[in-house]
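Q: The structure that follows is given in the form of structure tokens.
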Amino acid sequence: DQQVKQNSPSLSVQEGRISILNCDYTNSMFDYFLWYKKYPAEGPTFLISISSIKDKNEDGRFTVFLNKSAKHLSLHIVPSQPGDSAVYFCAASDRGSQGNLIFGKGTKLSVKP
Amino acid sequence: NAGVTQTPKFRILKIGQSMTLQCTQDMNHNYMYWYRQDPGMGLKLIYYSVGAGITDKGEVPNGYNVSRSTTEDFPLRLELAAPSQTSVYFCASIPSGTGELFFGEGSRLTVL
């Protein structure tokens, strides 16, 4: 029973265009959402997060949107760069979880020059 | 600035052998976690600790043990290695119970 779902295993985008990565969740208790980026043979690195009291958070080229009624969040990367090619994990937690994160399966983004 | 350090990076074990994956952090974080990642899957929580002397089970604890005698160290023990434990293991830490986790580079374990 997956609580965090990333239904697209892979995404290919042209350099300079927008990349949109999607994530759905089922647990209405989740109140904090994060995106992690992972390169091969490295640990995941934090990218951006959003609290459930917001619907948008922006950091440079990265923007995360949260739609609580749809239990859906998305990560927008504009403009996409070849160095953005990596696996992106969506993760979620709730206040009672002691910081434990529930991860999606990841989406592999390829940005072609 | 080391952050979260895991050793070894790679290890091959035979079925039934035991080993310990080491994890240490130099950020004085109270909370530490062990996750495993299987191919094509997300990370799943094995064990976590909210401070020295306190540990608790995560989603997939069977076959593993942990201890937390100091704030810095959180070793993960495999007592009787099984092929199902072939995975990449990640240790992570966080100052308190909310926020983004800081991950180590991972330890790739193969059980044959």
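Throughout, read-outs are computed from the coordinates displayed, never taken from laboratory work. Source: prediction; values computed, not measured. Heads up, the Cβs are rebuilt from the backbone with ideal geometry, glycines too, and the neighbour counts pull from every protein chain shown.
Q: To check my understanding: the extent here is largest minus smallest coordinate of the Cα atoms along each principal axis. What are those three numbers for the protein assembly as shown, in Å, largest first?
A: 49, 38, 36
Q: Which of A:CYS23, A:CYS90 has the fewest other C-beta atoms within 10 Å, and how do the rest follow up to the most?
A: Taking fewest neighbouring Cβ atoms as first place, the list is A:CYS23, A:CYS90.
Q: A further question follows. Using a 7 Å offset from the Cα along the Cα-to-Cβ direction at both A:LYS71 and A:SER52, what is the distance between the two label points in nm, to one decimal?
A: About 1.2 nm, to one decimal.
Q: If you take the Cα Rg of chain B and divide it by 2.2 N^0.38 Å, with N the number of residues, what do you get?
A: 0.99
Q: What is the average number of partner chain Cβ atoms found within 10 Å of a Cβ in B:94-103?
A: Across the residues of B:94-103, the mean count of other-chain Cβ atoms within 10 Å is 6.
Q: Mind ranking A:63-75, A:25-37 by how tightly packed they are, going by the mean number of other C-beta atoms within 10 angstrom, highest first? Don't jump to the answer; show the numbers that get you there.
A: Numbers: A:63-75: 16.3, A:25-37: 19.0.
Ranking the peptides A:63-75, A:25-37 by packing returns A:25-37, A:63-75.
Q: Once the convex hull of the C-alpha atoms of the stretch A:18-64 is built, how many Å³ does it hold per residue, rounded to a whole number?
A: Hull volume over Cα atoms, normalised by residue count, gives 106 Å³.
Q: Could you identify which residue out of B:THR71, B:THR98, B:THR55 has the top mean-square fluctuation in a GNM of chain B using Cα springs shorter than 10 Å?
A: Highest fluctuation of the listed residues: B:THR98.
Q: Oh, and also: Please give the per residue volume of the convex hull enclosing the alpha carbon atoms of the stretch A:68-113, rounded to a whole number of Å³.
A: 103 Å³
Q: Apply the Debye scattering formula to the stretch B:37-102, with a single equal point scatterer on each alpha-carbon and no solvent, then give log10 I(q)/I(0) at q = 0.19, 0.21, 0.23, 0.24 Å⁻¹.
A: -0.81, -0.97, -1.13, -1.21
Q: So what's the projected area for chain A, the Cα convex hull averaged over all directions, in nm²?
A: Working: hull surface 27.8 nm².
Its Cα hull, projected and averaged over all orientations, spans 7.0 nm².
Q: Which trypsin sites (Lys or Arg not before Pro) from the stretch B:1-101 combine a DSSP loop assignment with at most 14 other Cβ atoms within 10 Å?
A: Values: sites: B:LYS9, B:ARG11, B:LYS14, B:ARG36, B:LYS44, B:LYS57, B:ARG68, B:ARG77; in loops: B:LYS9, B:LYS14, B:ARG68.
Taking the stretch B:1-101 and a limit of 14 other Cβ atoms within 10 Å, the loop trypsin sites (Lys or Arg not before Pro) found are B:LYS9, B:LYS14.
Q: Counting Lys +1, Arg +1, Asp -1, Glu -1, what net charge surrounds B:ARG68 among other residues with beta carbon under 13 Å of its beta carbon?
A: -2
Q: Would you mind ranking A:GLU15, B:GLU72 so that the residue whose beta carbon has the fewest other beta carbons within 10 Å leads the list?
A: A:GLU15, B:GLU72
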